[in-house]
Amino acid sequence: MKFNSLIPELSVTNIEKSKEFYLLLGFQIKYERKEDKFAFLELEGNQIMIEEINDHWNTGRLEYPFGRGINLSMTISNIDEYYQKLKDQKIVFFKKLMINRYQANETIYEDKEFLLQDPDGYLLRFNN
């Protein structure tokens, strides 16, 4: 198994509820440690880890929504198809599918993207 150089690990309130949510989004469980309430998930090369809150990693009190000030950006091969699939499953979107333009030096990039929140409020951004 290939591990990305950067893999966010999210503290979650209920591992089963979070696993159910991420599986609904199309993530696959690559491995899990049930005794630790931990799962390693992947979707099209986007990797995240989720672990039920255990006070090992907490730097302060966790309050909903978790992850304030950060969004996790994930590239999806067919953003239109993926968005429609989630829409058909009645997923609630934080921001609906939109086109944004970002300038990096002299180049302007155009991203088609949407955002949603997981059960603990982490902000997930999917783009093309």
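The values are calculated or read from the model by the stated rules, or taken from the named source; none is laboratory data. Fair warning: this is a prediction, and the values are worked out from it, not measured in the lab. Cβ atoms come from the backbone with ideal geometry, glycine included; neighbour counts cover every protein chain shown. With ligands, DNA and RNA removed, areas are computed over all heavy atoms of the protein, side chains included. Shrake-Rupley method; radii C 1.70, N 1.55, O 1.52, S 1.80 Å.
Summary of values
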item: Residue among 20, 63, 35 that is among the acidic types (Asp, Glu), at negative phi and modelled with pLDDT under 95; result: 63
item: Positions within the stretch 1-18 being open to solvent by 80 Å² or more (accessible area, probe 1.4 Å) and assigned to a helix (DSSP H, G or I), in sequence order; result: 16, 17
item: Test: residue in the stretch 114-121 that is under 23 Å from residue 5 (Cα atoms) and outside any loop (DSSP other than H, G, I, E, B); result: no
item: All positions within the stretch 89-128 that are loosely packed, with under 15 Cβ neighbours inside 10 Å and among the basic types (Lys, Arg); result: 90, 95, 96, 101
